[in-house]
Amino acid sequence: MACTSVTVEPVLFLFMMSLFMMLTTNQLLFIKKVCASHFDETICSNLSAFKDEEDVVQTEASHWILFFSICTNVPGAFMSMFLGATSDRVGRKYIMCLPPLGTAFSASVFALSSYFIASPLGYIIVAAIAVGLTGSVGTAYVTLISYMADITDQSSRTKRFGILEAMMFIGGTVGLLCAGAIGSFEHGFTTVYLLVLTIQILIIVYILCCLDESLKPEHRLPSNEKDKPLGAGCLPRRCLCWGPILDSMRRSFTVFFAKRPGNKRKYLISVQVIGLLGVIGLSGEMDLLVLFTKHSPLSWDVSTIGIFMALKNTMKGVVLIALLPLMFRCIGKERVIHRDLVLAQVGLVSTILSLVNEAFSRQTAIMMLVPMVGCLSGITGAVISSFKTQLVEPNEFGGMFACTSFLDTCFQVAGSLLFNTLYPATLHIWPGFSFLIMAAVYVISLLIVIWLQWDMKKSIKEGKNGLGQRRLLDEDESEDEFEDTVYMTQLPVSVQPDSIGV
C-alpha cells in the first residue's frame, strides 16, 4: 500500500546523497590507486611534498576521471533520452528504479576495487558502463521532474521545483559530510561504497512501496499503429530494435523546434543554451575541485574537502528553501513576467564571482569564502527548469525533459573533456586557470539572459513578436494578459496526467 504523502523529494535527497558521497570518494580513490601503481607508500602518504610526482599523479588521475565520465555519460545520454520518453508510455515509477540499480552495482565494484587497492583501474570502467546503461543521473532527473510536473499545477510548480533543487543540495551536503567523516578512517573508501549500496536498496524499496504511479495506464501516451517507429519498412528486421529509441529521440527534439506563438520557440532555445553552458561549467568544477584542493598550495585532506563541499551545498539549499520565496515577494507581482530572468541573473553573478574566487585562492581562508560568495548560484537551475515549463504545452513536458537530459549529459562529457584536458596543460603555470575559463562560460550565459530580458521587453512594448509579423494579443486584452502572452503558456489550474507526454 502506498504511503499517504506522495512525494519524490526523499528519492532525490537519498540519490544525491549517494552521488556526492561517490563523487569525492571516486576522485580520491583514483589518486590513491594511480599513486600506488607508480610510487611507494613513502611518496603516496605525503604526495604534496613531492612536486614532480604530484603532477604525474594528478595528470593521470585527471585522465582516468575523464575516461570514467565518458563511459558513464555517453551511454547514459542515449538511455536517458529513451527511458525518459518511454516513461510517458509505461509510467514513471518503475523506470525511476533503474538509476538506483545501476548505482548499486557501481558501488559494489568500487567497494571491491578500494579494498583491493592494487587491482587494475580498468575494472572500474565496468561500473561506469553499468551506470550509463541504467540511465545515470539523466534518467533520475527526467522521471523525478516529470513526476513532479504530473502532480503539480503552474501556481505551485516553481516552488516545488525549488524544493527539489534544495533536496539536491542538502542531500549532497549530507553525502559530502558522510564521505569526509568516513573516508579518513582505515578502509574508509570501502565503507563509503557499502553505505551507498545500502542507500540504493532503500531508495528502490521506497519507490516501490511508498510512491503511487503518477501516470495511470489510461492516461499514458498510447502506441498508435499509424505512428510507426523510425525505420519501419526500410530497415532490416534485426535493426528495428533501434526504432523506438530513434523515435523517442525524434519526438523529444521536435519540442524545441516546433512552431509556437510569438517568440516562444526563440526563447525556449535561448533558455536551453543557457542551461547547457551551465552544464559545461558545472561539470568542469565537479571534476577538478578535488584535484585543485589536493594540489599545493592548498593541499587539503579528505575531511577539509568534505567540509568545504558540504558548506557549499548547504548554503545553496538554505537559499532555495528560505530566501527564494522572499525574493519572489521582493520583486513584486507587477514584474512577474521578468521575475525568473531577474533571479537567473542574480544566480549567474553569484556563480561567476565564486569561480573567480576559486581561481585566485592560494590560502584556505580565501577558498572558504567560496560557499558564501556562490550561495545564490543554485537559484539559476530551479528558475530555468520552471521557466521552460511555461514555454511549452503540458503534453510536451516529458519530451522536453528527456531532450534536456540527453543534451545535458552530452555537454557534461564535453565539459569534462575540455577542463580535464585544460587542467593538466596549465597545472604547472596556474592551477586555478581552468576555474577562470569556467567563469567566462557563465559570463556568456549572463549576457544571453540580459539579451533575453531586453528582447522580451521590446516585444511587450511593440506588441509584436521578434519578427514583427503579428500582434501577440487582441486589443481588448489587459496589460497583464499581454505580458503573459509574450512567452508564457497558459496552463490549466489542474494539470491532467493524460496531458503529460511527448
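The values are calculated or read from the model by the stated rules, or taken from the named source; none is laboratory data. Keep in mind that what you see is a predicted model, and the values were worked out from it rather than measured. Every residue, glycine as well, gets a Cβ built from its backbone with ideal geometry; the counts of neighbours run over all protein chains shown.
Restricting attention to the range 358-409, the residues that are out of contact with any helix residue (DSSP H, G or I) (no Cβ under 8 Å at 6 or more places or on another chain) and among the polar types (S, T, N, Q) add up to 1. Please determine, by comparing only the residues of the range 404-443 that are more than 16 Å from residue 285 (Cβ to Cβ) and of a type in the set (Val, Ile, Thr), which one is surrounded by the fewest Cβ atoms within 10 Å (Cβ to Cβ). If we take residues in the range 404-443 being more than 16 Å from residue 285 (Cβ to Cβ) and of a type in the set (Val, Ile, Thr), then 429 is surrounded by the fewest Cβ atoms within 10 Å (Cβ to Cβ).
In the set 30, 15, 39, only one residue is closer than 20 Å to residue 420 by Cβ and either within 31 Å of the chain's Cα centre (by Cα) or of a type in the set (A, V, I, L, M, F, W, C) (or both); that residue is 30. Listed conditions (1) of a type outside the set (D, E, K, R); (2) modelled with pLDDT of 85 or more; (3) closer than 30 Å to residue 56 by Cα are all met by residue 306, apart from (2). Mind listing just one residue for me: the one in the range 1-45 that is at pLDDT below 85 and β-branched (Val, Ile, Thr) and, of those, surrounded by the fewest Cβ atoms within 10 Å (Cβ to Cβ)? Step by step, filter the range 1-45, then rank; the result is 4.
Listed here are the residues, each with its yes/no results for (1) in contact (Cβ under 8 Å) with a residue 60 or more places away in the chain; (2) within 27 Å of residue 314 (Cβ to Cβ); (3) not aliphatic (A, V, I, L, M).
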| site | (1), (2), (3) |
| --- | --- |
| 14 | yes, yes, no |
| 24 | yes, yes, yes |
| 46 | no, no, yes |
| 55 | yes, no, yes |
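Determine, yes or no, whether residue 128 is within 20 Å of the chain's Cα centre (by Cα), closer than 29 Å to residue 301 by Cβ and either of a type in the set (D, E, K, R) or at pLDDT 85 or above (or both). The answer is yes for residue 128. Restricting attention to the range 135-171, and to residues there that are more than 20 Å from residue 17 (Cα to Cα) and not in a helix (DSSP H, G or I), which single residue is farthest from the chain's Cα centre (by Cα)? The selected residue is 153. Answer yes if at least one residue in the range 275-292 is of a type in the set (A, V, I, L, M), buried (at least 17 other Cβ atoms within 10 Å of the Cβ) and either at pLDDT below 70 or within 18 Å of residue 18 (Cβ to Cβ) (or both), and no otherwise. For the range 275-292, residues of a type in the set (A, V, I, L, M), buried (at least 17 other Cβ atoms within 10 Å of the Cβ) and either at pLDDT below 70 or within 18 Å of residue 18 (Cβ to Cβ) (or both): present.
A quick yes/no check of all residues on (1) over 22 Å from residue 309 (Cβ atoms); (2) among the hydrophobic types (A, V, I, L, M, F, W, C); (3) modelled with pLDDT of 90 or more:
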position: 169; (1), (2), (3): no, yes, no
position: 174; (1), (2), (3): no, yes, no
position: 178; (1), (2), (3): no, yes, no
position: 184; (1), (2), (3): no, no, no
position: 188; (1), (2), (3): no, no, no
position: 193; (1), (2), (3): no, no, yes
position: 197; (1), (2), (3): no, yes, yes
position: 201; (1), (2), (3): yes, yes, yes
position: 210; (1), (2), (3): yes, yes, no
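Residues being over 22 Å from the mean Cα position of the chain (by Cα), within 18 Å of residue 273 (Cα to Cα) and β-branched (Val, Ile, Thr): count how many of those fall in the range 418-454. Residues flagged as over 22 Å from the mean Cα position of the chain (by Cα), within 18 Å of residue 273 (Cα to Cα) and β-branched (Val, Ile, Thr) within the range 418-454 amount to 1.
Listed here are the residues, each with its yes/no results for (1) of a type in the set (Ser, Thr, Tyr); (2) in contact (Cβ under 8 Å) with a residue 40 or more places away in the chain.
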residue	(1), (2)
346	no, no
379	no, yes
389	yes, yes
398	no, yes
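Residue count for the range 393-430 satisfying the condition of being at pLDDT below 80 and assigned to a loop (DSSP other than H, G, I, E, B): 1.
Only residues that are among the small types (Gly, Ala, Ser) and closer than 15 Å to residue 63 by Cβ were counted in the range 415-433, giving 2.
When each of 36, 77 is tested for being in contact (Cβ under 8 Å) with a residue 24 or more places away in the chain, part of a helix (DSSP H, G or I), closer than 26 Å to residue 170 by Cα and small (Gly, Ala, Ser), the lone residue that passes is 77.
Cβ separations smaller than 9 Å between residues 6+ apart or across chains give the following pairs from the range 83-95 residues that are on the phi < 0 side of the Ramachandran plot and at pLDDT 80 or above to residues that are assigned to a helix (DSSP H, G or I) and of a type in the set (Asp, Glu): 92/150.
Which of the residues belonging to the range 46-101 are among the hydroxyl-bearing types (Ser, Thr, Tyr) and under 25 Å from residue 10 (Cα atoms)? 72, 80, 86, 87, 94 - these are the residues of the range 46-101 that are among the hydroxyl-bearing types (Ser, Thr, Tyr) and under 25 Å from residue 10 (Cα atoms). Within the range 297-325, the set of residues being among the aromatic types (Phe, Trp, Tyr) and either farther than 30 Å from residue 342 by Cβ or surrounded by 24 or more Cβ atoms within 10 Å (Cβ to Cβ) (or both) comprises just one member, 300. Scan the range 46-57 and tell me whether some residue there is crowded, with 23+ Cβ neighbours inside 10 Å, of a type outside the set (Gly, Ala, Ser), within 16 Å of residue 294 (Cβ to Cβ) and touching a His at 6+ places or on another chain (Cβ under 9 Å). Yes, because at least one residue in the range 46-57 is crowded, with 23+ Cβ neighbours inside 10 Å, of a type outside the set (Gly, Ala, Ser), within 16 Å of residue 294 (Cβ to Cβ) and touching a His at 6+ places or on another chain (Cβ under 9 Å). Residues of the range 96-134 that are in a helix (DSSP H, G or I), farther than 14 Å from residue 193 by Cα and free of Cβ contacts under 8 Å to residues at least 40 places away in the same chain: 122, 123, 126, 130. For the range 354-369, the criterion of being farther than 22 Å from residue 314 by Cβ, touching a residue at least 40 places away in the same chain (Cβ under 8 Å) and assigned to a helix (DSSP H, G or I) is met by at least one residue. Residue 260 meets all of the listed conditions (1) part of a helix (DSSP H, G or I); (2) within 30 Å of residue 390 (Cβ to Cβ); (3) touching a residue at least 24 places away in the same chain (Cβ under 8 Å); (4) among the charged types (D, E, K, R) but one, namely (1). Scanning the range 385-403 for residues that are in contact with a Gly (Cβ under 7 Å, 6 or more places away or on another chain) and buried (at least 20 other Cβ atoms within 10 Å of the Cβ) gives 398, 401, 402.
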